[in-house]
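Down below is the structure, laid out as structure tokens.
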Amino acid sequence: MTKINRQYFLTEFPKGMPTEETFRLVETTTPELEEGQVLVRTVYLSVDPYMRGRMSGVKTYIDPFTLDRPLTGGVVGQVEASKDANFEVGEIVAGLLDWADYTVASGKHLKKVPAFLKPVSAALGVAGMPGCTAYFGLLDIGQPKEGETVVVSGAAGAVGTVVGQIAKIKGCRVVGIAGGPDKVAYLRDELGFDEVIDYKAGDLREALQAACPNGVDIYFDNVGGTISDEVMRLINFHARIILCGQIADYNLEKPEQGPRHFGQLLVKSAMAKGFIVSNYNDRMLEGITQIGQWLGEGKLKFRETITEGLENTPQAFLGLFRGENTGKMLVKVSDVQGQ
Ligand SMILES: NC(=O)c1ccc[n+]([C@@H]2O[C@H](COP(=O)([O-])OP(=O)(O)OC[C@H]3O[C@@H](n4cnc5c(N)ncnc54)[C@H](OP(=O)(O)O)[C@@H]3O)[C@@H](O)[C@H]2O)c1
């Protein structure tokens, strides 16, 4: 069974902020399946900030994208044809697949999305990689204790929304930092954050001081840059700084020189630790099970920002750097069929 397919490739390794010209959509046909392979139709495609690092042509903790292979990312899809006895036509699966209408993948690289998970897109957000990033980063590195003050930057995004809610579950006082009044209202009124600061309005230093009268015990850093410089001024004795992301830096052509934080870590006997969620691959089931339980109990809520159409994937990706998402940013490529 072959299908007409569209796949996204990079046209270049962008310097600075990518543009729509960084991406090209190419029409092809899918190859015939070999033994062990599965034809997956993309239903939802995840765009994530870390992909910007893979567009630089340089190996980090993960291989870079190349110019001659389609871009890849988290996908939830539906099996269209299968030569792997473990997968049946119509099943919902997840994997690291192409930015495309279809991917031919080895069955070994696919996971089944459990039938109880609704909507299936949650497998790419709250019940997937971003949710587990929040879970392991906050709980394993942050070790939150009741009554502590937790500050989270990028608070209205896929990771940040989960961090703040888990910190509330653990009895902490939660201060979020996000861009714009709608995000502030969502975090405070719907997710129950104690304080939310709009870093695009007013004086961040003053707002942080007012929101953290007892200092900062845990800082979950999703953004870096000047926002983190201000939070670091307020850390307490034995504070834990969780280095999750530095999105403010991802599109800089030259690194910025900010304040040097080591002295502050020293005098506060504080700890800053980076991590990659895949460090916790052997504990993923624990994270997903706990998140699933909290979702079922109504203790965790989530939102998704969904862009329609594969052809709009670059706009969705670039929108991450313009703050266009609340919760998980996704692209809807096709409908789930027959369920
Ligand atoms: N360590 C890991 O394993 C791991 C795993 C997943 C994600 N991450 C990192 O965690 C962070 C959050 O990821 P996510 O998937 O949840 O993305 P996200 O927060 O859903 O989306 C990105 C958000 O970042 C904010 N932002 C963009 N540019 C910014 C800038 N220059 N300064 C301040 N804020 C900016 C925007 O929100 P505003 O409107 O509020 O500005 C935007 O909505 C990213 O840095 C990502 O790389 C790390």
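The values are calculated or read from the model by the stated rules, or taken from the named source; none is laboratory data. Just so it is clear, the model here is predicted, and its values are computed rather than measured. A quick note on method: Cβ atoms are made from the backbone with ideal geometry, for glycine too, and the neighbour counts reach across all protein chains shown. These accessible areas exclude ligands, DNA and RNA; they are computed on the full protein's heavy atoms, side chains included. Shrake-Rupley method; radii C 1.70, N 1.55, O 1.52, S 1.80 Å.
If you scan region 202-214, which residues turn out to be more than 11 Å from V175 (Cα to Cα) and either in a strand (DSSP E or B) or touching a strand residue (DSSP E or B) at 6+ places or on another chain (Cβ under 8 Å) (or both)?
L204, N214
Can you name the number of the only condition in (1) aromatic (F, W, Y); (2) within 14 Å of the ligand (Cβ to nearest atom); (3) free of Cβ contacts under 8 Å to residues at least 24 places away in the same chain that F262 fails?
Here F262 meets the rest and fails (2).
Would you point out the residue of region 24-62, among those that are touching a Leu at 6+ places or on another chain (Cβ under 8 Å), within 19 Å of A105 (Cα to Cα) and outside any strand (DSSP E or B), that is farthest from the ligand (Cβ to nearest atom)?
Selected residue: L33.
Give the residues of region 154-190 that are more than 17 Å from the chain's Cα centre (by Cα), touching a residue at least 60 places away in the same chain (Cβ under 8 Å) and open to solvent by 20 Å² or more (accessible area, probe 1.4 Å), sorted by residue number.
Residues satisfying the conditions are I169, D182, E190.
Need the failing condition index for D98 against (1) crowded, with 23+ Cβ neighbours inside 10 Å; (2) farther than 27 Å from V277 by Cβ, just the number.
(2)
For region 121-147, which residues satisfy the criterion of being over 16 Å from Q290 (Cα atoms), open to solvent by less than 20 Å² (accessible area, probe 1.4 Å) and more than 11 Å from the ligand (Cβ to nearest atom)?
Within region 121-147, S121, G142 meet the criteria.
Which of the residues spanning region 51-81 are crowded, with 17+ Cβ neighbours inside 10 Å and either aromatic (F, W, Y) or not assigned by TED's automatic domain parsing to the domain that holds K108 (or both)?
Within region 51-81, F65 is the sole residue that qualifies.
Condition first: part of a loop (DSSP other than H, G, I, E, B) and either under 16 Å from G128 (Cα atoms) or among the β-branched types (V, I, T) (or both). Now tell me which residues in region 289-330 satisfy that.
Matches in region 289-330: L300, K301, F302, R303, T326.
Kindly indicate which of G160, G176, G164 is outside any helix (DSSP H, G or I), of a type in the set (G, A, S) and within 21 Å of A134 (Cα to Cα).
Checking each option against the conditions leaves just G176.
Given the condition in contact (Cβ under 8 Å) with a residue 12 or more places away in the chain and near the ligand (Cβ under 10 Å from one of its atoms), answer yes or no: does some residue in region 207-217 qualify?
Checking region 207-217: not a single residue is in contact (Cβ under 8 Å) with a residue 12 or more places away in the chain and near the ligand (Cβ under 10 Å from one of its atoms).
I'm told S278 meets every condition in (1) under 24 Å from I241 (Cβ atoms); (2) of a type in the set (G, A, S); (3) surrounded by fewer than 16 Cβ atoms within 10 Å (Cβ to Cβ); (4) more than 19 Å from the chain's Cα centre (by Cα) except one. Can you identify the failing condition by its number?
For S278, the exception is condition (4).
Has region 22-32 got any residue that is open to solvent by less than 40 Å² (accessible area, probe 1.4 Å) and within 25 Å of N325 (Cα to Cα)?
yes
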